[in-house]
Amino acid sequence: YGGRSVMLRIGHVHIQYDDLRTMIESSDEIKRMTQDIRSKYEGRYIFASVDRCERLAGLILKMRAFQNFLNTYPYAQGKVVLIQYAYPTISYWDDTSRMRRELTNIVDKINTDFQDLDEGRGASGHTSEFHHVVFQVKEVTREEKYALFQAADCLLDTSIRDGLNLNPFEYICCRKDEPGAI
């Protein structure tokens, strides 16, 4: 095309629901990790998200939107948590480390702005060491991802231009018959 060779590759990606459910139900590690998350944030509404740590994943916009949510709805303060896993991408630019620094600054600001230091306990009765946003940049195992999806009340998926995104389907598979929101 236009004096050059162009190759188009089509790759079909799918996940078998039954295979995923079997893996989740038979994994003691996923059950333990799910229970650990639920215990740590007992009584709180858990938002979960797993994204690439890059600009088009919409992470900065997501953090700003969550901050706006906490400002707009003060009754949610101390009662919600966003657990955000961001896995590093292979890049020839310094995008991942720059994004990590920028996101860490935003997360720190959110956690500082909404910190409740009322004698070690907030209005919800939880300890003051609670953070509204838990942000980790790391390689995420399937077990960690599925445990987070099982524990979460809501999948917060805000990718800008992600192409094929299987997170919503995986969230539904992890929740099975339990209520949840995307």
Residue in region 115-129 that is at pLDDT 85 or above, open to solvent by less than 60 Å² (accessible area, probe 1.4 Å) and at negative phi present = no
With respect to Asp36, determine if the residue is in a strand (DSSP E or B), within 19 Å of the chain's Cα centre (by Cα) and among the acidic types (Asp, Glu).
-> no
Test set (1) of a type in the set (S, T, N, Q); (2) over 25 Å from Thr141 (Cβ atoms); (3) assigned to a strand (DSSP E or B) - Gln84 fails condition number | (2)
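Pick from Ile110, Ile24, Ile90: which is within 26 Å of Leu166 (Cβ to Cβ), of a type in the set (Val, Ile, Thr) and at pLDDT 85 or above?
Ile24
Yes or no: Ala152 of a type in the set (Gly, Ala, Ser) and either at pLDDT 95 or above or open to solvent by 40 Å² or more (accessible area, probe 1.4 Å) (or both)?
Criteria met by Ala152.
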Is there any pair linking a residue in region 129-156 that is part of a strand (DSSP E or B) to one that is crowded, with 18+ Cβ neighbours inside 10 Å and among the acidic types (Asp, Glu), with Cβ under 9 Å and at least six apart or on different chains, and which?
-> Leu155/Glu170
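The values are calculated or read from the model by the stated rules, or taken from the named source; none is laboratory data. Owing to the predicted nature of the structure, the values given are computational and were not obtained by experimental measurement. Virtual Cβ from ideal backbone geometry, glycine too; neighbours counted across all protein chains shown. With ligands, DNA and RNA removed, areas are computed over all heavy atoms of the protein, side chains included. Shrake-Rupley method; radii C 1.70, N 1.55, O 1.52, S 1.80 Å.
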